[in-house]
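The structure's right below; bear with me while I get my questions together.
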Amino acid sequence: MDNKKLAIGVFDSGMGGISVLAELIKMMPNEKYIYYGDSKNAPYGVKTPSQVIEFSKNICEFFIDKGVKAIVIACNTATSAAVKQLREIYDIPIIGMEPALKPAVEMNLDGKIVVMATEMTLKEKKFNELMKKYGQKSDIIKLPCPKLVELVESGIVDGVEVEKAVRECFYGIDINEISSIVLGCTHYIYLRESIRNVVGDRVYIIDGNEGTARHLKNILKSKDLLNDEEKREVYFDIYNSKNDRSIIELSKKLLKFSLEKLNYLNIQN
């Protein structure tokens, strides 16, 4: 089989990575995608690194059995804990994510940068290396927000409950001193509007989805693995460790929501 026509595997600790899948679809609509959400084990942010590595390996084995040409870890936590080990095991491109701290710093704004992420992402070596690199240039606040992941996993992405949870995250932080917020967890991207309601229009909100999609596209192009056969529709399969049909339907709903936000909605599964 032509390797160009193989699918791209995308996984996350749950449904947050659906927002990454949407960005991939927009940038590479000719590709076929397999998405795996590990909602049974979510949230990864409160697990041990060894647990996250094991979860990630199991999902990669699932993808390998399905036949994929690349894997995207659409989860900052899993990237922090497992990307190095996975690249040592599997001989296909494995793309990870990291909080978009570099672009936030390079904006050179007068104010503090808040990085919203899981506790594990903020503790792991990968993020600490980013802090060493950029921490001297900007005042960076690490802000763990585990409750927000649980809300998204329950399908709650707006409303009073979400805004209350976001306000609780920012308790004790002077919002007037913030110049930008980095969404270091893909789940939080669904809550962008609620975060905006809390912090106001003055604060920039940044995520790493587009950069991740562009990075994968460049790698596939360099390896001559981009599917150049134009399609009228995008094909994808969605799986979830909970094996619950309602979770799959919610995942599709979130994908539609994400694609609408990106002004792209030409999909077929």
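Here, each number is a calculation from the coordinates, and none is a lab measurement. Since the structure is predicted, the reported quantities are computational estimates derived from the model, not experimental observations. Note that each Cβ is placed from the backbone with ideal geometry, even for glycine, and that neighbours are counted across all protein chains shown.
Rounded to the nearest 500, what is the chain's calculated 222 nm mean residue ellipticity when only DSSP H runs of at least 4 contribute -39500 (n - 2.57) each, over all residues?
Mean residue ellipticity at 222 nm (helix-derived): -13500 deg cm²/dmol.
Counting alpha carbon pairs within less than 8 Å and at least 6 residues apart, what relative contact order, in whole percent, applies to region 142-238?
Values: 62 pairs, mean separation 24.9, N = 97.
Once normalised by length, the contact order is 26 percent.
Take the alpha-carbon centre of region 90-130, take the same for region 2-70, and report the distance between them in whole Å.
Here the answer is 19 Å between Cα centres.
Using Cα-Cα distances under 8 Å and only pairs 6 or more residues apart, what relative contact order does region 1-149 have, in percent? Walk me through the numbers before you get to the answer.
On the way: 227 pairs, mean separation 35.2, N = 149.
In percent, rounded to a whole number, it is 24.
For the pairs 123/252; 125/223; 66/125; 147/253; 231/252; 40/84, note any where the Cα-Cα span goes beyond 27 Å.
Numbers: 123/252 32 Å; 125/223 29 Å; 66/125 32 Å; 147/253 21 Å; 231/252 20 Å; 40/84 24 Å.
Distance filter (> 27 Å) returns 123/252; 125/223; 66/125.
In percent, how large is the relative contact order of the chain, given Cα pairs closer than 8 Å and 6 or more residues apart?
Numbers: 490 pairs, mean separation 76.9, N = 269.
Worked out over the chain, it gives 29 percent.
Can you pull out the trypsin sites (Lys or Arg not before Pro) in region 188-269 whose DSSP state is coil and whose Cβ has at most 14 other Cβ atoms within 10 Å?
Within region 188-269, the qualifying trypsin sites (Lys or Arg not before Pro) (loop, at most 14 other Cβ atoms within 10 Å) are 202, 223, 231, 232.
Among 20, 115, 97, pick out the residue whose Cα is farthest towards the positive end of the charge dipole of the chain, where Lys and Arg carry +1 and Asp and Glu carry -1 on C-beta, about the Cα centre.
Final value for the positive-end residue is 97.
Next up: Of 29, 43, 103, which has the largest mean-square fluctuation in a 10 Å C-alpha GNM of the chain?
The residue that fluctuates most here is 103.
How large is the dipole of region 1-44 about the Cα centre if only Lys and Arg carry +1 and Asp and Glu carry -1, each at its Cβ, rounded to the nearest 20 debye? Could you put the intermediate results ahead of the total?
Values: 5 positive and 5 negative charges, 25 e Å.
The calculation lands at about 120 debye.
Above 25 angstrom, tally the Cα pairs of the chain and express them as a % of all pairs, no decimals.
Counting pairs separated by more than 25 Å, the tail of P(r) holds 42 percent.
I would also like to ask the following. So which aspartates and glutamates pass the test for residue 132, namely a Cα distance under 13 Å, with those fewer than 8 places away in the same chain ruled out?
Candidates past the 8-residue exclusion: 124.
Taking the convex hull of the Cα atoms, report for region 62-161 its projected area averaged over all directions, in nm². The partial results should precede the final answer.
Numbers: hull surface 34.6 nm².
Orientation-averaged projected area of the Cα hull: 8.7 nm².
Taking a cut-off of 13 Å between Cα atoms, list the aspartates and glutamates near residue 126, but don't count ones fewer than 8 places away on the same chain.
98
Dipole magnitude of region 1-140 about its Cα centre, charges +1 at Lys/Arg Cβ and -1 at Asp/Glu Cβ only, in debye to the nearest 20? Mind dumping the intermediate values first?
Numbers: 19 positive and 17 negative charges, 28 e Å.
My answer is approximately 140 debye.
Note down, for region 212-269, the three equivalent ellipsoid semi-axes (square root of 5 times each alpha carbon gyration tensor eigenvalue), biggest first, whole angstrom.
Working: eigenvalues 127, 44, 29 Å².
Rounded to whole Å, the semi-axes are 25, 15, 12.
What whole-number volume per residue, in cubic angstrom, does the convex hull of the C-alpha atoms of region 125-182 give?
Numbers: hull volume 6.2 nm³, N = 58.
It is 108 Å³ per residue.
Quick one: which of 32/217; 112/261; 102/137; 5/221; 112/137; 26/112 span more than 21 angstrom between C-alpha atoms?
Working: 32/217 13 Å; 112/261 27 Å; 102/137 11 Å; 5/221 13 Å; 112/137 11 Å; 26/112 32 Å.
Where the Cα-Cα span goes over 21 Å, the pairs concerned are 112/261; 26/112.
To the nearest 20 Debye, how big is the dipole of the chain about its Cα centre, given +1 on the beta carbon of each Lys and Arg and -1 on that of each Asp and Glu?
Working: 38 positive and 38 negative charges, 75 e Å.
Charge dipole, the chain, about its Cα centre: 360 debye, nearest 20.
Find, to one decimal place in angstroms, the Kirkwood hydrodynamic radius of region 1-144, where the mean of 1/r is taken over every pair of different Cα atoms and then inverted.
Values: mean 1/r = 0.0623 Å⁻¹.
Every distinct Cα pair counted, the radius reaches 16.0 Å.
Using a Gaussian network model of the chain with C-alpha springs under 10 Å, which one of 109, 24, 226 is most mobile by mean-square fluctuation?
Result: 109 has the largest fluctuation of those listed.
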